[in-house]
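Everything on this sheet refers to the single structure shown next.
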Amino acid sequence: MSLRRALPLIAFALGLVGLVAAAVLILVPGAQQTATSSVGGPFTLTTQDGKRVTERDFTGSAHLVFFGFTHCPDICPTTLQQIGDVLKALGNKGRDTKALFIAVDPERDTPEALKAYLASFDPRIVGLTGTPEEVNAAVKAYRAYVRKVPTKGDDYTMDHTALVYIMDAKNRFVTALNLTRPPEQSAAELAKFL
């Protein structure tokens, strides 16, 4: 058989092999690999109670992560209240669910300042702070955005990512929590990962 006649048969055979491989990947459970997000990662920070923690301390159950600061005039307190409403709407299922509030203003957000600030919100919200280098490492790991913005005099504010991250039990990013709907609906979404 000449190469010219064999070429269509070779092309058909390769196509058939590709079709079978695609069918296996689509139809066989577990054959597809789930892409892992590059959002999230190692951090070492200090809680509002002065305890040193890493991301490993939150492994084992799904949790939320939100970046903010205690001098935030509206977005942070509103979001923290909404997170608390979602945690409450989870009921018994969410009694151990944590929300991490990572402070992006380590100059002012000491553990003591975080403790006083978070006293107004759900006790499952854990405040985290650290040195500027530690906070920047967490910001970088979560692909967040933070920028110090000077205001009047020596004062300043912080521009930052206002996303609420849902992290699974293995500290992998799942999706962002939608807080623009009633807390019960957001709780139902979060409950899928608990």
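The values are calculated or read from the model by the stated rules, or taken from the named source; none is laboratory data. Small disclaimer: the values here were computed from a predicted structure and weren't measured. In this analysis, Cβ positions are derived from the backbone assuming ideal geometry, glycine residues included, and neighbour counts consider all displayed protein chains.
For the reader, a short list of remarks on this structure follows.
- Scan of the stretch 44-55 for residues that are more than 13 Å from the chain's Cα centre (by Cα) and either buried (at least 18 other Cβ atoms within 10 Å of the Cβ) or in contact (Cβ under 8 Å) with a residue 60 or more places away in the chain (or both), ordered by number: T44, L45, T46, T47, Q48, D49, G50, V53
- Of the residues making up the stretch 106-129, just one is crowded, with 16+ Cβ neighbours inside 10 Å and without any contact (Cβ under 8 Å) to a residue 24 or more places away in the chain, namely T110.
- Neighbours by Cβ (under 8 Å, 6+ apart or cross-chain): first from the stretch 172-185, farther than 18 Å from F66 by Cα; second of a type in the set (A, V, I, L, M, F, W, C): E184/A89
- Failed condition for T157, given (1) within 16 Å of the chain's Cα centre (by Cα); (2) in a strand (DSSP E or B): (1)
- Test: R143 is over 20 Å from T47 (Cβ atoms) and either more than 16 Å from the chain's Cα centre (by Cα) or outside any loop (DSSP other than H, G, I, E, B) (or both): no
- In the stretch 139-163, the residues that are surrounded by 12 or more Cβ atoms within 10 Å (Cβ to Cβ), within 23 Å of D74 (Cα to Cα) and small (G, A, S): A144, A162
- Residue list for the stretch 122-140, restricted to those being of a type outside the set (A, V, I, L, M, F, W, C) and in a helix (DSSP H, G or I): P132, E133, E134, N136, K140
- Residue selected from the stretch 165-184 under the condition of a type in the set (D, E, K, R) and either assigned to a loop (DSSP other than H, G, I, E, B) or not assigned by TED's automatic domain parsing to the domain that holds I125 (or both), by the criterion farthest from H63 (Cα to Cα): R181
- Residue that is surrounded by the fewest Cβ atoms within 10 Å (Cβ to Cβ) [pool: residues in the stretch 164-194 that are basic (K, R) and within 12 Å of the chain's Cα centre (by Cα)]: K170
- Residues of the stretch 81-105 satisfying the condition of being surrounded by fewer than 19 Cβ atoms within 10 Å (Cβ to Cβ) and under 19 Å from H160 (Cα atoms): Q81, Q82
- Where P111 falls short, out of the listed (1) closer than 18 Å to F58 by Cβ; (2) within 20 Å of the chain's Cα centre (by Cα); (3) not aliphatic (A, V, I, L, M): (2)
- Pairs are defined by a Cβ separation below 6 Å, a sequence spacing of at least 6 or placement on different chains, a first member in the stretch 130-148 that is in the same structural domain as E112 (by TED's automatic domain parsing), and a second member that is surrounded by fewer than 16 Cβ atoms within 10 Å (Cβ to Cβ) and not hydroxyl-bearing (S, T, Y); the pairs so defined are A141/G41; R147/D159.
- The stretch 109-138, subset out of contact with any strand residue (DSSP E or B) (no Cβ under 9 Å at 6 or more places or on another chain) and not polar (S, T, N, Q), residue nearest to M158 (Cα to Cα): P132
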